[in-house]
1. Quick check on segment 196-222: of everything there that is open to solvent by less than 10 Å² (accessible area, probe 1.4 Å) and of a type in the set (Asp, Glu), which residue is modelled with the lowest pLDDT?
2. Can you find, within segment 309-357, the residue that is modelled with the highest pLDDT among those that are surrounded by fewer than 20 Cβ atoms within 10 Å (Cβ to Cβ) and outside any helix (DSSP H, G or I)?
3. Given the options ILE60, ILE64, ILE15, name the one that is surrounded by 24 or more Cβ atoms within 10 Å (Cβ to Cβ) and under 23 Å from ALA314 (Cα atoms).
4. Pull up segment 272-296, narrow it to residues that are of a type outside the set (Ser, Thr, Tyr) and not in a helix (DSSP H, G or I), then point me to the one that is most open to solvent (accessible area, probe 1.4 Å).
5. How about segment 223-271: which of its residues are buried (at least 16 other Cβ atoms within 10 Å of the Cβ), over 14 Å from THR126 (Cα atoms) and among the charged types (D, E, K, R)?
6. Name every residue in segment 168-195 that is modelled with pLDDT of 90 or more and assigned to a helix (DSSP H, G or I), in order of residue number.
7. What pairs can you find where one residue is in segment 296-313 and under 14 Å from ILE116 (Cα atoms) and of a type outside the set (A, V, I, L, M), the other is modelled with pLDDT of 80 or more and not in a helix (DSSP H, G or I), and their Cβ atoms are less than 7 Å apart, with a gap of 6+ or different chains?
8. For the structure I just gave you, tell me whether GLY147 is more than 18 Å from the chain's Cα centre (by Cα) and part of a helix (DSSP H, G or I).
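The values are calculated or read from the model by the stated rules, or taken from the named source; none is laboratory data. What you see is a predicted model; the values in this text were computed from it and never measured. Cβ sites come from the backbone with ideal geometry, for glycine too, and all protein chains shown count toward neighbours. We work out accessible area using only protein heavy atoms, side chains counted, and drop any ligands, DNA or RNA first. Shrake-Rupley method; radii C 1.70, N 1.55, O 1.52, S 1.80 Å.
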Amino acid sequence: MKKLYLILIAGFFAILGSTMSKSPTLPLYAQSLGLTKGEIGLVASASTVTGILVNFVSGISSDIYGRRKLLKLSGFVFFSAPLLYFLAKDALVLALVRAYYGIATAIFVPVSLALISDIFPEKKGTFMGLLSSSTLVGRALAPLLAGTLIYFVDFWIVFLLCSFFGSIVFALTFTFPETEKNLEKVKFSFSSDLLLLGILDASVYMAYQSIETFLPLFYFLEGKAWLSGLILTVEISIMAIVKPYAGYLSDKIGRVKPIIFGMGLVSSAMLIFAFSRSLPLVILGAVLFSLGASISEASIKPLATEISKLKGTALGFLESIKDIGQALGPIIVGFFGFKLGFTFVGVFGASALGAFILKFKLRHQK
C-alpha cells in the first residue's frame, strides 16, 4: 500500500499546482494582459491541444519503456513550466507556456492510472477512484488558494508556489515501481467501443473546461476571484468525495449503469449553466456536474482497460480524445457566448450518451 500512497501524494501535488496556474489564475492573468474572451478561450485550450498528441504517445511509450521513465519526465515539466509564466506578456507566449505545461498532465494522468491498474488489477475501479480523488482534492483547494493569493498578493506568488509543488512531484516519481516494459506487447487496435468511451470522456471534459475557464467571468462574479474560486472548490470537493465510492460501486455492479446515470447529470448541468441568471442556479449546475462527472468517470477509465490489454495505450488514446473535447469547450463557449456555447456542450454530451445506450442495447439483443 505504500506504493499507492506515494502515487496518491504525487497526484495531489501535481494537480494542485497545475490547477492553481489556471483556475482562476489563467483567465484573470490573461485579462490583466489585455486579452479578449476569444483569445482567453484559445489560450486556455493550448495545454489540452498538446495533450491530444502527447496523451496517446505517452501511453504507448509507457507500455514499451515502462511507466516510471514517463512519470519522471512529467514531474520535471510540473516543476519548470510555472516559472515560464514570468515571460508571458501576450497571447502567443502565454499559449506556448500553456502548451508546454500540458505535457505534464498529458503524461501523468494516463500513465499513473495505468500504473494503478498494473499494481491493483482486481480493485482498479476503487483505486483509480482514489487516485482521481487525490488529484481532485488538489484541484478543489487550488482555485480558493490561488484566488486568495491573487487577491492579497499578486500573480507571481502563485507561479512560484506551483513550481514548488512540481518539484515535490518530480522527487516522488523516483520512488515509483516499474511495471510494463515489453516491446512485443504493442499491438493496439482502435475499437469502436474505445472510441465511444473517448467521446463520452471528451464531453465530460468539454463541460469541465468550459466551467473552469468562464465561471470567473459570469457577470455576477466579475471582480470576485475569491467567490468564483470558492464555487469551483465546492464543485471539485464533491467530486473528490464521490469518486472513490463511485469506483467501488463500479467494481461491484459494472460500468454501464453508472456511465448512463452520470452522463445524464452532466448534460443537464450544462443546460442549467446556459440559462443561469443568478448565483443559486450556477451553484446548482456546479453540484449536478460534479456528481455526474465523478460517477461517469469512475467507470469510463476502468472500462477502457478492460477493452484493451495494453492499458497505458488504451488510457492514452482515451485521454487524447478527451483532450479534443477539453480544448474545444472554451473555444465554443468563448466565441458563441454562454447561452449557445453551454447549450451545445450539453447537447453534445446527451448525443454521446444516446449512442452509448444504443450500442449497449444492440449488444444485449444479439
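1. My answer is GLU212.
2. Looking at the filtered set, the residue picked out is GLY337.
3. Numbers: ILE60 fails: surrounded by 24 or more Cβ atoms within 10 Å (Cβ to Cβ); ILE64 fails: surrounded by 24 or more Cβ atoms within 10 Å (Cβ to Cβ).
Sole residue among the options that is surrounded by 24 or more Cβ atoms within 10 Å (Cβ to Cβ) and under 23 Å from ALA314 (Cα atoms): ILE15.
4. Keep residues of segment 272-296 that are of a type outside the set (Ser, Thr, Tyr), which gives 272-275, 277, 279-289, 291-293, 295.
Restricting the remaining residues to those that are not in a helix (DSSP H, G or I) gives 275, 277.
On the way: PHE275: 106, ARG277: 141 Å².
Only one residue fits best here, namely ARG277.
5. Answer for segment 223-271, where residues must be buried (at least 16 other Cβ atoms within 10 Å of the Cβ), over 14 Å from THR126 (Cα atoms) and among the charged types (D, E, K, R): LYS224, GLU235.
6. First, pick out the residues of segment 168-195 that are modelled with pLDDT of 90 or more: 168-176.
Within segment 168-195, ILE168, VAL169, PHE170, ALA171, LEU172, THR173, PHE174, THR175 qualify.
7. So the pair list comes out as PRO302/ARG255.
8. On the way: more than 18 Å from the chain's Cα centre (by Cα): yes; part of a helix (DSSP H, G or I): yes.
Taking the combined requirement at face value, the residue satisfies it.
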